[in-house]
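K.L.:
Supplied in structure tokens, the structure appears directly below.
Values quoted throughout were computed directly from the atomic coordinates according to the rules given, and no laboratory measurement underlies them. Since the structure is predicted, the reported quantities are computational estimates derived from the model, not experimental observations. Reconstructed Cβ throughout: ideal geometry from the backbone, glycine too, with neighbour counts over all protein chains shown.
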Amino acid sequence: MTTDGRRREVRLPRLLAVLALLLTTAVAVRPGAAAADAAGLGGDYVALPKGAELLDTRDGTGGRTGVVGAAGVVSFPVLGVGGIPASGVSAVLVRLVTTSGTGSSWLRVYPDGTTPNGVSHLNISGTEQVSNTAVVRPGANGRIAVRNNSGSVHIVVTAQAYFLSTPGGGGGFVPVSQNKIVDTRDGLGTTKAKIAAKATRTITLTGGVIPTGAKAVLADVIAVNVTAAGWLGAVPAGAAGPTQSALNFVPTGHHSHALSLPLSASGQVTFLNQSSGAIDLVIAPYGYITASTSEGAGYRYVPTTRLYDSGSALAAGATVDVQVVGKLGMPTRGVAAAIVNVTVASPSAAGSVKVWPTGTTEPNISQVHNRADKTVASLAIVKPGANGTIRIKNNAGTARIVVDIQGYFGDPVPPAPTESYAATVGLQTGPVAGAALGMVEYAYTDNIGRVLIGHQTDVDNFGSVQWTVVSGSEAFSGQPSLALLSDGKAQVAVRYSDSDVWSRTQSALGSATWNAWADFGGSMAAAPALTRLPNNVMAVFAVDTDGALWVYQQAGTIPAWKSLAKQSLVGTPTVVATRTGVRLFIRTVTGTVKTAEYSGDVLSAWVDLGGTGATKPAAVVYPGYRIRLFAQQADGTIATKYQDADGVFPEAWTSLGGSPAAGAPSAVLDPVLGRTAVVARDSAGNVLVSWETLQGSGEFAVWSPAIPDLFEQAATDPTIVPLTNTTGQTWAILFRTVNNATRVYQRASASGLSSPAARSAGSGGFTAHTLPAPPV
């Protein structure tokens with residue numbers, strides 16, 4: 001080919017190594033140091049109208065001269081080159097082109113200094129000069145690297161735009177419907193005529209779905225009915241050129257991928273057909289870049305990762321939905337668009353693939369165009385649809401379809417307000433080797449957003465608690481959740497200030513140190529509930545602002561949030577183990593309690609148990625996996641209902657009566673009496689307990705102080721911690737005072753009670769302890 005390689009550009013890099021996902025540092029790796037202006041987090045888009053030449057191995061641009069051989073890697077500078085700032089850049093949008101190839105191959109593009117994964121960005125067929133775009137994060141040294149898999153080839157890389165890591169200085173992204181707005185075949189948006197060889201065409205893109213004043217358009221650009229090899233250039237109308245390629249093509253039909261189209265003040269772009277044959281042109285926008293520094297969504301970094309691989313060939317006409325949100329630390333809401341590379345591998349016939357938001361009307365244009373037996377990939381920018389998925393449709397022949405993510409555009413997500421006096425939780429871990437008893441872990445989020453973990457080395461000595469602030473400078477909100485892994489270590493999950501769910505795991509059994517934070521993403525409206533499923537997989541349940549329940553199972557190659565149901569739910573789920581899974585109890589916006597059982601990946605039908613309260617319910621599991629439920633009612637009192645032998649709850653609630661409660665109850669099956677005990681605060685903040693009058697009676701005595709000789713006020717809802725100490729099985733009531741002092745009321749075990757009368761009494765038998773003060 002004789003076309004200028006500089007104008008070619010390269011194919012879709014699935015850049016960014018999955019490196020940061022390992023989270024080996026003490027601070028979680030966020031999915032992007034930036035996000036666009038409307039969110040005030042950065043990620044602003046800055047177009048480079050004439051492009052920035054970064055690498056051309058034919059003439060030494062970028063520091064390398066000569067072809068790149070099999071397994072060869074070229075590293076070249078990005079920051080400070082061609083108008084790209086020397087700092088403050090979170091990612092670069094690049095075009096990739098190859099020339100003078102000796103065989104079929106593929107390229108990887110990734111941050112220099114990191115280890116690339118197996119994801120390709122540009123597939124090459126012999127000497128063909130084709131292109132693709134990719135979003136690449138510069139390495140710590142300001143460089144990116146490209147690796148050629150096989151054969152030898154010249155490589156050209158040109159930057160189209162870059163993303164800022166701090167707010168201001170660029171614009172945000174606004175998605176639009178993915179239908180075409182320009183088609184030279186029928187005169188849509190332009191003259192009904194091909195663009196002649198070596199000719200230009202100026203086209204106005206604003207005035208319809210693209211508003212006047214937009215700075216640039218991110219669009220799927222398609223060269224149609226190509227008869228001669230060449231390239232398509234694009235510059236703002238009135239600018240010199242174009243002298244560099246935006247899209248390279250060969251004489252085999254259609255070629256396309258996402259492009260940045262900078263606009264003139266009048267909203268126009270001039271296109272150049274740099275080939276010896278006329279071509280048709282189709283433009284289908286993904287969205288536009290605003291002129292304002294306080295509008296639109298901003299780029300968020302996600303390590304380039306494979307989201308989907310059909311493995312075997314997908315049939316002609318087949319569709320598949322691919323989840324793109326809630327993975328790799330991504331939120332489950334507020335994703336304006338996902339940046340994905342879609343590869344059609346080994347197609348049996350020439351055809352195309354469409355990509356669009358699930359649940360919306362199928363667009364009138366395809367995003368990927370393939371030739372028979374030629375693997376091809378195209379970058380696409382797609383707004384997630386129903387349940388955070390995008391739909392892929394194979395339109396001809398059979399082909400293996402692969403989807404890789406390169407980041408996303410994030411809309412503003414309301415921050416999680418700091419919750420004052422969120423409850424403290426506790427958990428006894430498994431014993432270390434040679435020990436009979438496990439240690440105890442406590443966790444709470446204080447009134448300024450710090451997460452504190454208390455490590456009690458001696459279950460019989462509450463003075464042995466050592467507190468550690470594990471949140472660093474990060475801010476969290478709401479009650480944490482603690483659960484045990486199958487090896488006995490503790491894991492904590494808590495809502496981050498941006499509404500994601502973060503988690504840490506004890507570094508070793510019995511250790512006072514914890515591994516790095518892992519950001520699960522999520523964008524949840526309330527504190528999460530962490531539990532271990534019967535298959536020993538750790539799972540987090542949480543509810544979003546739309547009232548939908550989500551689950552995050554920590555298993556698989558790419559753990560992800562899965563939407564279970566939208567039931568107008570609110571608050572934190574209560575989760576208890578059943579024979580076949582876990583049962584969830586969650587409040588609704590009207591105050592009722594709904595329940596469903598989750599077994600593996602299957603959620604049962606929801607049952608509305610009624611009720612009129614607002615706080616989190618409590619549940620106790622009895623032999624036979626029958627559950628007794630306790631819930632606060634509208635007047636503050638606590639009521640209960642109990643499953644029958646068939647697992648059905650009665651329609652009516654039975655009130656415990658007596659003193660109204662100020663918050664959520666907590667309940668336990670007392671190992672001493674075999675009776676159920678319920679604990680709650682009254683309106684004055686006193687911690688009260690109500691005991692079942694007889695084992696299995698289902699009747700409860702009047703409320704009484706948990707410690708008759710010590711009435712003290714709790715600022716948090718009390719929670720219950722089951723314990724096994726040197727005297728046997730017992731439990732403790734846990735709460736904090738208004739001064740954030742952590743109080744523990746320990747129930748004496750059977751051998752610890754002084755007399756048979758004390759053992760049979762429904763009250764008494766508690767000893768008060770104050771845990772050591774945490775660090776300030």
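K.L.:
When you scan the stretch 214-223, do you find a residue that is within 27 Å of Ala338 (Cβ to Cβ), surrounded by fewer than 16 Cβ atoms within 10 Å (Cβ to Cβ) and not basic (Lys, Arg), even just one? Break it down stepwise before answering.
P.N.:
At the first step, the residues of the stretch 214-223 found to be within 27 Å of Ala338 (Cβ to Cβ) are 214-223.
Pick out the ones that are also surrounded by fewer than 16 Cβ atoms within 10 Å (Cβ to Cβ) and you get none.
Scanning the stretch 214-223 turns up no residue that is within 27 Å of Ala338 (Cβ to Cβ), surrounded by fewer than 16 Cβ atoms within 10 Å (Cβ to Cβ) and not basic (Lys, Arg).
K.L.:
Here is a check on your reading of the model: is Val157 farther than 18 Å from Ala91 by Cα and in a strand (DSSP E or B)?
P.N.:
Numbers: farther than 18 Å from Ala91 by Cα: no; in a strand (DSSP E or B): yes.
Against the criterion (farther than 18 Å from Ala91 by Cα and in a strand (DSSP E or B)), Val157 does not qualify.
K.L.:
Further, regarding this structure: Tell me whether the stretch 674-695 contains one or more residues that are assigned to a loop (DSSP other than H, G, I, E, B), touching a Gly at 6+ places or on another chain (Cβ under 9 Å), free of Cβ contacts under 8 Å to residues at least 40 places away in the same chain and among the hydrophobic types (A, V, I, L, M, F, W, C).
P.N.:
Filtering the stretch 674-695 for residues assigned to a loop (DSSP other than H, G, I, E, B) gives 674-675, 683-685, 693-695.
Imposing the further condition that a residue be touching a Gly at 6+ places or on another chain (Cβ under 9 Å) reduces the set to 674-675, 683, 693, 695.
Filter once more, so that each one left must be free of Cβ contacts under 8 Å to residues at least 40 places away in the same chain: 674, 695.
Next, only the ones that are among the hydrophobic types (A, V, I, L, M, F, W, C) stay: none.
No; the residues of the stretch 674-695 include none that is assigned to a loop (DSSP other than H, G, I, E, B), touching a Gly at 6+ places or on another chain (Cβ under 9 Å), free of Cβ contacts under 8 Å to residues at least 40 places away in the same chain and among the hydrophobic types (A, V, I, L, M, F, W, C).
K.L.:
Identify, please: which residue in the stretch 227-241 is closer than 20 Å to Thr127 by Cβ and within 38 Å of the chain's Cα centre (by Cα) and is, among those, surrounded by the most Cβ atoms within 10 Å (Cβ to Cβ)?
P.N.:
Within the stretch 227-241, the first condition is being closer than 20 Å to Thr127 by Cβ, and the residues that meet it are 227-232.
Then keep just the ones that are within 38 Å of the chain's Cα centre (by Cα); that gives 231-232.
Working: Trp231: 29, Leu232: 26.
Among those that are closer than 20 Å to Thr127 by Cβ and within 38 Å of the chain's Cα centre (by Cα), it is Trp231.
K.L.:
Could you list, ordered by first residue, the pairs with Cβ atoms under 8 Å in which the first is in the stretch 656-670 and on the phi < 0 side of the Ramachandran plot and the second is among the basic types (Lys, Arg), at least 6 apart or interchain?
P.N.:
Correct list of pairs: Ala661/Arg681; Ala662/Arg681; Gly663/Arg681; Ala664/Lys616; Ala667/Arg628; Leu669/Arg675; Asp670/Arg747.
K.L.:
Going through Ala548, Ala555 one at a time, which residue ends up being touching a residue at least 12 places away in the same chain (Cβ under 8 Å), buried (at least 19 other Cβ atoms within 10 Å of the Cβ) and of a type in the set (A, V, I, L, M)? Steps first, answer last, please.
P.N.:
On the way: Ala555 fails: buried (at least 19 other Cβ atoms within 10 Å of the Cβ).
None of the others qualify; the one that does is Ala548.
K.L.:
Name every residue in the stretch 435-481 that is of a type in the set (Gly, Ala, Ser) and over 30 Å from Ser497 (Cα atoms), in order of residue number. Full working, then the answer.
P.N.:
Looking only at the stretch 435-481, we keep the residues that are of a type in the set (Gly, Ala, Ser), and these are 435-436, 438, 443, 449, 454, 463-464, 471-473, 475, 477-478, 481.
Hits for the stretch 435-481 are Ala435, Ala436, Gly438, Gly463, Ser464.
K.L.:
Hey, can you tell me all the residues within the stretch 104-148 that are under 27 Å from the mean Cα position of the chain (by Cα), part of a strand (DSSP E or B) and crowded, with 24+ Cβ neighbours inside 10 Å?
P.N.:
Those that are under 27 Å from the mean Cα position of the chain (by Cα), part of a strand (DSSP E or B) and crowded, with 24+ Cβ neighbours inside 10 Å: Val109, Tyr110, Pro111, Leu122, Asn132, Thr133, Ala134, Val135, Val136, Ile144.
K.L.:
Also, I was wondering about something else. Of the numbered conditions (1) surrounded by 14 or more Cβ atoms within 10 Å (Cβ to Cβ); (2) of a type in the set (D, E, K, R); (3) assigned to a loop (DSSP other than H, G, I, E, B); (4) in contact with a Leu (Cβ under 9 Å, 6 or more places away or on another chain), Lys641 fails exactly one; give the number of that condition.
P.N.:
(3)
K.L.:
With the checklist (1) in a strand (DSSP E or B); (2) touching a Lys or Arg at 6+ places or on another chain (Cβ under 7 Å) in hand, flag the one item Ile222 doesn't pass.
P.N.:
(2)
K.L.:
Looking at Val602, Val621, Val570, Val576, can you tell me which residue is among the aliphatic types (A, V, I, L, M), without any contact (Cβ under 8 Å) to a residue 24 or more places away in the chain and surrounded by fewer than 21 Cβ atoms within 10 Å (Cβ to Cβ)?
P.N.:
On the way: Val621 fails: without any contact (Cβ under 8 Å) to a residue 24 or more places away in the chain; Val570 fails: without any contact (Cβ under 8 Å) to a residue 24 or more places away in the chain; Val576 fails: without any contact (Cβ under 8 Å) to a residue 24 or more places away in the chain.
Result: Val602 is the single residue among Val602, Val621, Val570, Val576 that is among the aliphatic types (A, V, I, L, M), without any contact (Cβ under 8 Å) to a residue 24 or more places away in the chain and surrounded by fewer than 21 Cβ atoms within 10 Å (Cβ to Cβ).
K.L.:
Might you check whether a residue that is of a type outside the set (Lys, Arg) and under 39 Å from the mean Cα position of the chain (by Cα) occurs anywhere in the stretch 685-703?
P.N.:
Here is the first cut: in the stretch 685-703, the residues of a type outside the set (Lys, Arg) are 685-703.
Still in the running and under 39 Å from the mean Cα position of the chain (by Cα): 685, 687.
Within the stretch 685-703, one or more residues are of a type outside the set (Lys, Arg) and under 39 Å from the mean Cα position of the chain (by Cα).
K.L.:
Only residues in the stretch 64-90 that are closer than 13 Å to Val157 by Cα and touching a residue at least 24 places away in the same chain (Cβ under 8 Å) count as the first member; pair them with residues that are hydrophobic (A, V, I, L, M, F, W, C) and in a loop (DSSP other than H, G, I, E, B), Cβ under 8 angstrom, at least 6 apart or cross-chain, and list the lot.
P.N.:
Every condition considered, the pairs that remain are Val78/Ile84.
K.L.:
Still on this structure: Here is a check on your reading of the model: is Val672 more than 22 Å from Phe585 (Cβ to Cβ), out of contact with any Phe, Trp or Tyr (no Cβ under 8 Å at 6 or more places or on another chain) and either of a type in the set (Ser, Thr, Tyr) or surrounded by fewer than 19 Cβ atoms within 10 Å (Cβ to Cβ) (or both)? I'd like the intermediate steps shown before the answer.
P.N.:
Values: more than 22 Å from Phe585 (Cβ to Cβ): yes; out of contact with any Phe, Trp or Tyr (no Cβ under 8 Å at 6 or more places or on another chain): yes; either of a type in the set (Ser, Thr, Tyr) or surrounded by fewer than 19 Cβ atoms within 10 Å (Cβ to Cβ) (or both): no.
Judged against the criteria, Val672 is not a match.
K.L.:
Now, a different point. Restricting the search to the stretch 164-205, which residues are part of a loop (DSSP other than H, G, I, E, B) and among the hydrophobic types (A, V, I, L, M, F, W, C)? I'd like the intermediate steps shown before the answer.
P.N.:
So the first thing to find is which residues in the stretch 164-205 are part of a loop (DSSP other than H, G, I, E, B), and the list is 165-170, 172, 176-181, 184-187, 189-194, 196-199, 205.
Result: Val176, Ile181, Ala193, Ala196, Ala197, Ala199, Leu205.
K.L.:
Continuing with this model, one more query. Could you tell me whether any residue of the stretch 287-294 is closer than 24 Å to Gly187 by Cα and either among the β-branched types (Val, Ile, Thr) or in a strand (DSSP E or B) (or both)?
P.N.:
Keep residues of the stretch 287-294 that are closer than 24 Å to Gly187 by Cα, which gives 287-288.
Now narrow it down to the ones that are either among the β-branched types (Val, Ile, Thr) or in a strand (DSSP E or B) (or both): 287-288.
Yes; the residues of the stretch 287-294 include at least one that is closer than 24 Å to Gly187 by Cα and either among the β-branched types (Val, Ile, Thr) or in a strand (DSSP E or B) (or both).
K.L.:
Turning to a different aspect of this structure: Would you check which residues across the stretch 421-480 are among the acidic types (Asp, Glu) and free of Cβ contacts under 8 Å to residues at least 40 places away in the same chain and list them? Break it down into steps so the answer makes sense when it comes.
P.N.:
Our first condition is that a residue be among the acidic types (Asp, Glu); within the stretch 421-480, this holds for 441, 446, 458, 460, 474.
Within the stretch 421-480, just Asp458 meets the criteria.
K.L.:
OK, next. What single numbered condition from (1) crowded, with 22+ Cβ neighbours inside 10 Å; (2) out of contact with any Ser or Thr (no Cβ under 6 Å at 6 or more places or on another chain); (3) over 28 Å from Ala246 (Cα atoms) fails to hold for Pro417?
P.N.:
Only one criterion is unmet by Pro417, namely (1).
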